[in-house]
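Please read the structure below before turning to the comments.
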Amino acid sequence: MKRFIGFIKKEFYHIFRDRRSLFILFGMPIAQIMLFGFAITNEINNVDIAILDHSKDATTEEIINKIAASKYFSIKQIIEKEADIETIFKKGHVKAVLNFEKDFSKNLIKENKATVQIITDATDPNTANTISNFVNAILQKYQQELNKEITIAYQIIPETRMVYNPELKSVYMFVPGVMTIILMLVSAMMTSISITKEKELGTMEILLVSPLKPFQVIIGKVFPYIFLSIINAVVIVLLSIFIFKMPVQGSLLLLGLESVLFIISALALGILISTISATQQTAMMISLMGLMLPVILLSGFIFPITSMPFPLQVISNIIPAKWFIIIIKGIMLKGVGLQYVWKETLILLGMTVFFIALSIKKYKIRLE
């Protein structure tokens, strides 16, 4: 037991001496969570738009003022003719143009309707759709103010309530996904590189024939990364709470236990990668390309799984990150307990056991 503890201490010394490893372990996760939290967002703020007002009356001026007063839009330019619309889009100066028809106010009074055309730059479809929705919301609110004294015999009034994320903050989506990516990549990549480094230097065989048993060698190599990955998870949760004001509605203890299970799963996957990698470079490439793309594309982090083709939906079931994202969103945003995420937890546990068993089998074959 003393030898085993000494071996673990040695691994900690190796990690803390290597500045590159420390940067990957602690610098990269903090940089990623800050980048995703502040820079990468599907919300709009101060979007530059142009106005083409054929009417130039009091009503259009009032609407334009309401749009300008919102935090979502900034009126970049007033154009005079429709031929300028294509030019201003090609220059990339604005994301949308509002085109008010001629005699807007007169048509609104005489015919009880008037037209404003919302022309958006759909090279970015999501932004274009969001801009259109926000402008429509401002116009509908103005219309309600005009019609507040008019009584309609029958009305169907839809009331929308967004649960768990009423302000539709994109950070609520990104933080669980980024936490999953960081824990998966850092845990799997660093473990696979650490073990492959011993193989590359020829010291792995020496360790395996030492008084320590093979499973103690593997556990000793992995244990420091379990500890450091837990610190990473704690830092990410603290940043999400205090910097991004993201709530944790459920149990912090359950969140911690589920995170540890996922970390062990990722570490087991890293051990498995090390069994098929002869060099550190190969281990890093497999970890980055073989794990990062599936985690981002097939975990439901960015793209909804239900919108994917059926074969990809089936493949997504073998991605541990998919189940962890479901768990972490349930705990952090919905405040659910184990009774609601026990199926996902069992699946994640089963994957962890499978990865560990396969890794042990691979190392046994190598030793024989």
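Observations
- On a per residue basis, segment 236-368 carries 51 Å² of accessible surface, using protein heavy atoms and a 1.4 Å probe.
- Heavy-atom SASA rank of V260, V222 (probe 1.4 Å, accessible area, largest first): V260, V222
- In Å², nearest 10: area of F174 left accessible to a 1.4 Å probe: 20 Å²
- Estimated translational diffusion coefficient (Stokes-Einstein, Kirkwood radius over Cα pairs, 4 °C, 1.567 mPa s) of the chain: 53 µm² per second.
- Phi angles of segment 270-280 translate, via the Karplus equation with coefficients 6.51, -1.76, 1.60 and θ = phi - 60°, into HN-Hα couplings of x, 4, 4, 5, 5, 6, 10, 10, 8, 10, 5 Hz per residue; Gly and Pro are given as x.
- Here the chain has 62 percent of its accessible surface on carbon and sulfur atoms, given a 1.4 Å probe and all protein chains in place.
- Using a cutoff of 8 angstrom between alpha carbon atoms and counting only pairs six or more residues apart, the relative contact order for the chain works out to 18 percent.
- Cα centre as origin, Lys/Arg/Asp/Glu Cβ charges: the chain dipole, Debye: 1880 debye
- Under 5 Å, built H, 5+ apart or other chain: amide partners of E101: T115, Q117
- Full extension of the chain between L201 and V163 gives 8.2 nm of extra length, using 0.36 nm per residue less the Cα-Cα distance.
- Projecting the Cα atoms of N317, L269, F301 onto the charge dipole of segment 242-361 (Cβ charges, centred on the Cα centre) puts F301 farthest toward the positive pole.
- Positive-end residue, the chain charge dipole about Cα centroid, Cβ charges, pick of I64, M284, G177: M284
- Residues with amide H under 5 Å from that of V47, placed H, sequence gap 5 or more: F73, S74
- Computed over segment 218-368, the P(r) tail beyond 29 angstrom holds 21 percent of alpha carbon pairs.
The values are calculated or read from the model by the stated rules, or taken from the named source; none is laboratory data. Remember, it's a predicted structure, so these values are computed and weren't measured experimentally. Note that each Cβ is placed from the backbone with ideal geometry, even for glycine, and that neighbours are counted across all protein chains shown. For the accessible areas, the whole protein counts, side chains as well, though only heavy atoms, and no ligand, DNA or RNA atoms are used. Shrake-Rupley method; radii C 1.70, N 1.55, O 1.52, S 1.80 Å.
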